[in-house]
Amino acid sequence: MNRLLASLFLVALAWPAAAEPRGTGDLGIVIERAAGRVAVVDRAKVARLATVEGLGDLSHAAAVFSPDERFAYVFGRDGGLTKIDLLTATVARRVVQSGNSIGGAISEDGRLIAVANYEPGGVRVFDADSLELVADIPATERGDGKRSKVVGLEDAPGNRFVFSLYDTDEIWVADFSAGATPAVTRFTGIGRQPYDALVTEDGRFYVAGLFGEDGLVLLDLWHPERGTRRILDGYGRGEQPLPVYKMPHLEGWAVAGNLAFLPAIGRHEVLVVELPSWKQVAAIPVKGQPVFAMARPGGRHVWVNFALPDNATVQVIDTETLTVADTLTPGPGVLHMEFSPRGDRVWLSVRDKDEVQVWDAASRRALGALPADKPSGIFFTSRAHRIGL
């Protein structure tokens, strides 16, 4: 009892608002990349509650959440893995586990945190409570004494992690269902330079984009024994690709009904794919090179942001007519979008205005803004209950 009272007292000291019990469902974090810190926000009240400092290089930071929504795990580009207590707005644990990393995932049961590493190439897996190392999975050597960079790390049902090896053209599945020593299944020769990936919301398919050639690669996680297969093979055949200023992010893909919307690499298009055939049925012209194509919950519209020189613009696609319904100009450097769980609002990070904007998703009117130092990723705790995020 004394220990519990002391803990509650510390919570009240760390964050005055915690003097009254509160839930975590309205909480989220905003990455302030240049300052190496995150802002803890209340998405319902559109309020900045606290700042957590000392998170290292956040130039390509991502985050996942514990199943109870209390803890955020932030993956830094410098190999830092930081566990943040959202109720006390403090660093609960932190390790620097590699020299260069590119995101991570949390297992289905919430007990394991996996990190994808460029240097040294491979995946390291940690206990979610203590951040102690559980497993080290080195990637294939690429021929110069170094190991392949790992990208597209996603969680999958059954306490599995799926990831791609950029330099050696592979997809691996690491299965932790039997304990801390994973069973690793390797798929080789999948296509040149997989650069990012997604897991469908039902947890069945892992889809990796290819940078070295047109097309994507599909792995059926229900039937991995069938191996990988190519989809959208040669979707840009006969067309000259445009310069790629920023890789599209497939984790932000959108699904509306039986259609999936994917940003096309090297093109000013959003590709429309019919499910479950995985055949392209349309290509929607957009203003620039898309980075994220994200569906408003419910699937009525898809919001798209762009790489330079068009990163001051956001376009909204009507998923019935497959046309651009609106073009918005929030400001220069729109890096990320995050919808509220029911889709009534969307938050936009506008880096070069040093603010996060909140928009009404139906009327597409700006509702307000919060100051933020070079904001990038926005992550709400509702992500804790979705596969592949």
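If you stretched the chain out fully between D129 and K279, how much longer would it get, using 0.36 nm times the residue separation minus the C-alpha to C-alpha distance?
On the way: separation 150, 0.36 × 150 = 54.00 nm, distance 4.23 nm.
Here the answer is 49.8 nm.
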Report task. Only Lys, Arg, Asp and Glu count, each charged at its Cβ (+1, +1, -1, -1), so figure out the dipole size of the range 315-389 about its Cα centre, rounded to 20 debye. Result -> 220 debye
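Taking the Cα centre as origin and putting +1 on Lys and Arg beta-carbons and -1 on Asp and Glu beta-carbons, what dipole magnitude results for the range 154-237, to the nearest 20 debye? Write down the numbers at each step before the final one.
Values: 8 positive and 14 negative charges, 43 e Å.
It comes to approximately 200 debye.
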Report task. Would you calculate the separation in nanometres between label points at R48 and W222, each defined as 7 Å from the Cα along the Cα-to-beta-carbon direction? Result -> 4.6 nm
Query raised in the report: Lys/Arg Cβ at +1, Asp/Glu Cβ at -1, dipole of the range 138-216 taken about the Cα centre: which of G212, G189, T200 is farthest positive-ward?
Result: G189
Query raised in the report: Under unit Cβ charges (Lys, Arg +1; Asp, Glu -1), what dipole magnitude, rounded to 20 debye, does the chain have relative to its Cα centre?
Result: 380 debye
Query - Over the chain, relative contact order from alpha-carbon pairs under 8 Å, at least 6 apart, % - result: 11 percent
**Report entry** DSSP-assigned coil residues among GluC sites (Glu not before Pro) in the range 97-167, each with at most 10 further Cβ atoms within 10 Å
**Finding:** E132
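How much net charge surrounds K45 when only the other residues with a Cβ under 13 Å from the Cβ of K45 are counted, with Lys and Arg +1 and Asp and Glu -1? Display every interim value, and only then the final one.
Details: positive: R22, R43, R48, R345; negative: D26, D42.
With Lys, Arg at +1 and Asp, Glu at -1, the net is +2.
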Query - Label point 7 Å beyond Cα of D326 along Cβ direction - residues of the range 347-388 with amide nitrogen under 11 Å - result: 359-367
Requested in this report: Calculate the spin-label point distance for D175 paired with V96, positioning each point 7 Å from the Cα along the beta-carbon direction, and give it in nanometres.
Outcome: 3.8 nm
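Determine, from the Cβ-Cβ distance of R142 and A34 and an R0 of 30 Å, the FRET efficiency 1/(1 + (r/R0)^6), rounded to the nearest 0.05. Each step should come with its number before you reach the end.
Details: r = 32 Å, r/R0 = 1.07.
The calculated FRET efficiency here is 0.40.
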Query raised in the report: Based on the inverse mean of 1/r over its pairs of different Cα atoms, what is the Kirkwood hydrodynamic radius of the range 175-219, in Å?
Result: 12.1 Å
Query raised in the report: From the list (i) 20; (ii) 54; (iii) 38, can you say which value of percent of Cα pairs over 36 Å apart was derived from the structure given?
Result: (i)
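With the Cα gyration tensor of the range 306-370 giving a ≥ b ≥ c as the square roots of its eigenvalues, does the rule (a/c under 1.5 for rounded; else a/b larger than b/c for prolate; else oblate) give rounded, prolate or oblate? Can you show the working numbers first?
Values: a/c = 2.06, a/b = 1.19, b/c = 1.73.
Oblate, since a/c reaches 1.5 and b/c is not below a/b.
Per-residue ellipticity at 222 nm for the chain, helices alone: DSSP H runs ≥ 4 residues times -39500 (n - 2.57), over residue total, nearest 500 deg cm²/dmol?
-1000 deg cm²/dmol
Just so you know, all these numbers are worked out from the coordinates, no wet-lab data involved. The structure displayed is predicted, hence computed values, not measured ones. Cβ atoms come from the backbone with ideal geometry, glycine included; neighbour counts cover every protein chain shown.
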